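S.K.: Below are the structure tokens for one structure; questions will follow.
Just so it is clear, none of the values below were taken in a lab; they were calculated from the coordinates. Bear in mind that the values here come from a model prediction, so they are computed numbers and not experimental data. So basically every Cβ, Gly included, is an ideal-geometry build from the backbone, and we count neighbours across all protein chains shown.
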Amino acid sequence: MTALDLPRLNIAELQTLLRQREVSPREVLEALRSRIAEVEPQIDAYLSIDFDDALKQAERTDVNLALGGVPIAIKDIISVAGQPCTCASKILQDYRALYDATVIRKLRAVGAIPFGKTNMDEFAMGSSTENSSVKLTRNPWDVSRVPGGSSGGSAAAVAADTAFGALGTDTGGSIRQPAALSGVVGVKPSYGRVSRFGLVAFASSLDQAGPLTKTVRDAAMVMNAIAGPDAQDSTCLNEAVPDYTADLGRDVRGIRLGLPKEYMIEGIDPQVRAAMEKAVAHFNSLGAEIIDVSLPHTEYAIASYYMIASAEASANLARFDGVRYGHRAENPRNVFDHYGRTREEGFGPEVKRRIILGTYVLSSGYYEAYYARAQKVRTLIRRDFAEAFQKVDALISPTSPVPAFPLGEKSSDPLQMYLADIFTNAANLAGICGISLPCGFARIENGTQLPVGLQLLGNALDEGRILQIAYAYEQSTDWHKQRPPMKRETSNARL
Ligand code: GLN
């Protein structure tokens, strides 16, 4: 194994080499640094990287800890003490976090090394990372396409082997959808499974942090590190954390997988549909029982999600007023001018759209018709899942109706972009858990292969089970072994 090969390893493989003292944490970081220098100009997954700090962490780490010496990339919405935390927004462009989020504290406690912050849609609002106010991130499988979003930088970094694993956040699909479009594994934990202390809030009844990794086992290892109660987050559940790697390797014979009939909509890309059907047949051959189920309120999920998420965002983003931190407009004429121009200059168009929409659905006269009704729909969606989970152990669907789309294709049409979440945002409304993992490829005209993601949804706190099912699929297929055919030269790979 040469230093050049190191970044291709997954976390479990890297850990073995570290523990056998075949490589040191410092050598791992140096190898990652070269890899990033080589391919980051094509991908632009990172907003900031601090190798000096990472090398200091590497000196102290103990490779016998659960993630000892493993560098992890962090979405720029999660506070890492002393590092920028911009949410890819102008309003926070000079802001540095004053403390570690609980997930970062927990990662450090098991020896992991947070070393860089990844690009994202501004304040996690989007499905393509094109809403970043800083730059576009490109899909490693095809640099003319989006990596998905909003955790697109995290997904692209893992896919491009410029991170061994990453953290993202998922409010309506932002871990699972970029994982699908970039060909990696992503887990959205159940609501309350992972602390949000130190995360910049988007929609507080929906947000969760979780891992993006190269394999299911790696995702389970990161979940082991970050899950669990936290006295600093009252929405975090006081439930013990099982060992998520414990059931990996158990077979899926007799497992009941539900196929929601409402998810087989028109408009699914035919190659996504074909990959999904093959995955279902594969599970059948592994001994799982496939059961048709119905989630009758599915068609209202997107409307309900965008009302609730925007309403909560409009309240959460009120704190960005340029008074205590963040961008501040110059020479305000009065206090109204100060607030008005600070926010006008600081927020991008999608964030403004959400704040306006959210303020509207919460305003008197419209509250009942929109926000309150969306909450009722949310209850119905939650009940749909509760009923389904009486009959099945997990649900199976595509993660995204389409593979990675070209940069610019949907960025001027917010509704088209919102439809990207059709299979993901109901899980956030219901508070259940989900995983996306690679299940095939869609081939486009020029022969380029684009990854397709399979989603498994599990009942609240059933992360162990969906990881077990995902692992059985992954280990009996070889989609996860395929890597993007990245070009070495940087010049002509750019648009
Ligand atoms: N695409 C969804 C949105 O724009 C989901 C975002 C997310 O999960 N953070 O709101």
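S.K.: Please work out which one of (1) touching a residue at least 60 places away in the same chain (Cβ under 8 Å); (2) in contact with a strand residue (DSSP E or B) (Cβ under 6 Å, 6 or more places away or on another chain); (3) not hydrophobic (A, V, I, L, M, F, W, C) is the condition TYR99 fails and give its number.
M.R.: Just one mismatch for TYR99, condition (2).
S.K.: Got a number for residues in the range 264-277 being surrounded by 15 or more Cβ atoms within 10 Å (Cβ to Cβ) and either small (Gly, Ala, Ser) or over 24 Å from the mean Cα position of the chain (by Cα) (or both)?
M.R.: Of the residues in the range 264-277, the ones surrounded by 15 or more Cβ atoms within 10 Å (Cβ to Cβ) are 268-269, 271-273, 275-276.
Retained after the next criterion (residues that are either small (Gly, Ala, Ser) or over 24 Å from the mean Cα position of the chain (by Cα) (or both)): 275.
Selection size over the range 264-277: 1.
S.K.: For ALA386, which of the numbered conditions (1) in a helix (DSSP H, G or I); (2) surrounded by 14 or more Cβ atoms within 10 Å (Cβ to Cβ); (3) away from the ligand (no atom under 16 Å from the Cβ); (4) not polar (S, T, N, Q) fails to hold?
M.R.: ALA386 satisfies every listed condition except (2).
S.K.: For the range 400-425: of the residues being closer than 19 Å to GLY168 by Cβ and among the aliphatic types (A, V, I, L, M), which is surrounded by the most Cβ atoms within 10 Å (Cβ to Cβ)?
M.R.: Result: ALA404.
S.K.: Okay, next question. Any idea how many residues of the range 390-408 are closer than 20 Å to ARG273 by Cβ and away from the ligand (no atom under 12 Å from the Cβ)?
M.R.: Initial filter on the range 390-408 (closer than 20 Å to ARG273 by Cβ): 394-405.
Of the ones still in play, those that are also away from the ligand (no atom under 12 Å from the Cβ) are 394-399, 401-405.
Matching residues across the range 390-408 total 11.
S.K.: Within the range 410-441, how many residues turn out to be touching a residue at least 60 places away in the same chain (Cβ under 8 Å) and under 17 Å from SER127 (Cβ atoms)?
M.R.: The total comes to 18.
S.K.: Would you pick out the residues in the range 244-269 that are outside any loop (DSSP other than H, G, I, E, B) and either without any contact (Cβ under 8 Å) to a residue 24 or more places away in the chain or not aliphatic (A, V, I, L, M) (or both)?
M.R.: Residues of the range 244-269 that are outside any loop (DSSP other than H, G, I, E, B), as a first pass: 256-263.
Result: ARG256, GLY258, PRO260, LYS261, GLU262, TYR263.
S.K.: Quick test for you: out of VAL222, VAL187, VAL216, VAL200, pick the one residue that is more than 23 Å from TYR473 (Cβ to Cβ) and in contact (Cβ under 8 Å) with a residue 40 or more places away in the chain. Break it down stepwise before answering.
M.R.: On the way: VAL222 fails: more than 23 Å from TYR473 (Cβ to Cβ); VAL187 fails: more than 23 Å from TYR473 (Cβ to Cβ); VAL216 fails: more than 23 Å from TYR473 (Cβ to Cβ).
Of VAL222, VAL187, VAL216, VAL200, the one residue that is more than 23 Å from TYR473 (Cβ to Cβ) and in contact (Cβ under 8 Å) with a residue 40 or more places away in the chain is VAL200.
S.K.: Take SER174 and tell me if it is at negative phi, touching a helix residue (DSSP H, G or I) at 6+ places or on another chain (Cβ under 9 Å) and away from the ligand (no atom under 11 Å from the Cβ).
M.R.: On the way: at negative phi: yes; touching a helix residue (DSSP H, G or I) at 6+ places or on another chain (Cβ under 9 Å): yes; away from the ligand (no atom under 11 Å from the Cβ): no.
Spelling it out, it is not the case that SER174 is at negative phi, touching a helix residue (DSSP H, G or I) at 6+ places or on another chain (Cβ under 9 Å) and away from the ligand (no atom under 11 Å from the Cβ).
This table checks each residue for (1) in a helix (DSSP H, G or I); (2) away from the ligand (no atom under 16 Å from the Cβ).
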site: GLU312; (1), (2): yes, no
site: ALA318; (1), (2): yes, yes
site: GLY322; (1), (2): no, yes
site: GLU330; (1), (2): no, yes
site: TYR339; (1), (2): yes, yes
site: ARG353; (1), (2): yes, no
site: GLY365; (1), (2): no, yes
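S.K.: Can you tell me which of VAL272, VAL241 is over 30 Å from ARG96 (Cβ atoms) and outside any loop (DSSP other than H, G, I, E, B)? Give the derivation first.
M.R.: On the way: VAL241 fails: outside any loop (DSSP other than H, G, I, E, B).
Answer to the check: VAL272.
S.K.: Have a look at ALA124, ALA112 and point out the one that is more than 12 Å from the ligand (Cβ to nearest atom) and either closer than 17 Å to TYR46 by Cβ or buried (at least 24 other Cβ atoms within 10 Å of the Cβ) (or both).
M.R.: On the way: ALA124 fails: more than 12 Å from the ligand (Cβ to nearest atom).
From the options ALA124, ALA112, the qualifying one is ALA112.
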